[in-house]
Amino acid sequence: MEQKKLLIITYYFPPAGGPGVQRWLKFVKYLPEFGVQPIVYVPENPTYPIIDEGLVDQISDKAIILKNKIWEPYQLASVFSKNKTKKISSGIFPHKKKQTFLDKTFLWIRGNLFIPDARVFWVKPSVAYLEKYIKENNIDTIVTSGPPHSLHLIGLELKEKLNVKWFADFRDPWTTIGYHKALRLSGYAAKKHKTLEHKVLNTADTIIVTSKTTKTEFQAITNKPISVITNGYDIENVEKQTLDTKFTLAHIGSFLSDRNPKFLWECLVELLQEIPDFKSHLEIKLIGAVSQEVLDAIAAFNLNDYLNLLGYVSHREAIAHQKKSQVLLLIEINSEDTKSIIPGKLFEYIVSNRPIIAIGPNGSDFADIIKETNTGVFFDYSEKAKLKSVILDFYNQFLEGKLQSHGVGLQQYSRKSLTKQLAQLISE
């Protein structure tokens with residue numbers, strides 16, 4: 001039986017690092033097992049804020065990789081400030097009150113001149129390249145993955161030009177994504193974002209989202225079918241880890257300014273004051289990009305002596321830290337706009353056998369997953385007393401050598417199971 005061909009249009013793909021890479025890297029890995037030939041279209045010379053060469057080895061040898069040159073204004077902007085450009089392209093923005101004139105200028109340009117994002121200049125050359133490729137190779141199904149949401153404009157034009165079936169995959173929402181309001185948008189720019197979002201959602205044959213809340217949000221904009229396929233975990237060949245000897249609270253991934261959980265720092269300070277031995281055991285382990293506002297808050301609470309700042313590590317190393325840290329921290333911005341966000345690392349966390357302390361807005365989609373899988377405890381930002389009590393309980397279990405999680409029903413979130421869902425969807 002001849003395999004079905006699926007053209008996948010994505011920006012983030014190895015050697016890019018970070019959570020945005022994992023979703024389609026793993027779909028591509030398993031799609032051939034379900035009778036689908038993945039053809040992946042990526043930029044030839046991208047400006048990736050994070051590089052992880054170790055992920056290149058995970059690209060399926062059954063995948064066909066197409067590359068085409070891209071011009072990005074980040075390449076020009078880095079001449080003025082490489083560090084600021086890298087952070088903005090990662091979605092890490094300085095706090096509004098602390099923005100310099102250069103910060104404000106960069107954000108205004110990013111939000112108002114490059115709509116929907118700074119990869120928009122890749123749309124026209126990609127459409128020209130892919131229109132020819134699709135015709136020559138008899139491809140009838142395409143997927144675009146965003147953000148960057150400009151990639152959906154490639155799908156939009158190909159759908160209008162060719163008789164292809166188009167799936168628009170939203171790893172995150174568009175106009176309600178956490179950083180959207182930070183872009184200093186003019187009225188015109190905000191309206192244009194909404195117009196493009198509406199056109200994409202009403203032109204694609206099927207929308208794929210990663211959370212129930214995003215599905216509900218999009219259902220108010222379109223009558224097109226919407227399928228929820230979450231992110232997930234894969235079986236990683238990482239050697240067995242020896243648990244940290246310290247009582248480590250580990251956050252793995254970008255720690256953005258607005259994710260700063262001051263009530264967590266308050267709990268730790270109080271426990272340090274109330275429990276004499278706590279200070280000899282506590283370690284706050286932060287892995288990945290951490291905003292200056294978070295570091296300033298930790299310093300303000302006099303917690304620097306307990307801070308272990310490791311910076312970015314490879315995905316393989318991140319998995320190792322997930323398995324050996326005593327407690328894993330999952331923190332989302334306290335906002336209505338972030339209820340739909342299910343961080344990709346959640347699914348790697350739940351198979352780490354380590355308990356999760358999750359903090360986010362009341363009604364968060366990821367709270368349900370943590371509860372259903374019995375892998376940790378969720379707190380909204382008003383639950384300081386409950387948080388302090390759970391930290392103390394985890395600490396006592398740590399002292400007894402009994403601290404671990406007992407997950408249930410995890411198989412539904414395996415990358416292979418999720419790819420089966422995707423393969424069934426695109427074959428309908």
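The numbers here are math on the coordinates, done by the rules we state, and not lab data. No experiment lies behind these values; they were computed from the predicted model shown. As a convention, Cβ positions derive from the backbone with ideal geometry for all residues, glycine included, and neighbour counts pool all protein chains shown.
Things worth noting here:
- Cα-projected label distance for I64 with E136, points at 7 Å along beta-carbon direction, nm: 1.0
- Against the chain, whose longest principal axis is taken from its Cα atoms, helix 19-30 shows a tilt of about 60°.
- Nearest-0.05 FRET efficiency for K240 and Q411, computed from C-beta distance (R0 25 Å): 0.75
- Ordering of 12-20, 385-393, 312-320 by burial proxy (mean other Cβ atoms within 10 Å per residue, highest first): 12-20, 312-320, 385-393
- Relative packing of peptides 112-119, 249-256, 399-406 - highest average C-beta neighbours within 10 Å first: 249-256, 112-119, 399-406
- Gyration tensor verdict on segment 230-283 (Cα atoms; rounded if a/c is under 1.5, prolate if a/b is larger than b/c, oblate otherwise): oblate
- Angle in degrees between helix 123-137 and the longest Cα principal axis of the chain, rounded to the nearest 10: 60
- For the chain, the mean residue ellipticity at 222 nm estimated from helices alone is -12000 deg cm²/dmol, where every DSSP H run of n ≥ 4 contributes -39500 (n - 2.57) and the total is divided by all residues, rounded to the nearest 500.
- Relative frequency of Cα-Cα separations exceeding 29 Å in segment 247-411, percent: 10
- Computed from the alpha carbon positions, the gyration tensor of segment 327-381 leads to an equivalent ellipsoid with semi-axes of 18, 10, 10 Å, biggest first.
- Cα-based equivalent ellipsoid of the chain: semi-axis lengths in Å, sorted from largest, via gyration tensor: 37, 25, 19
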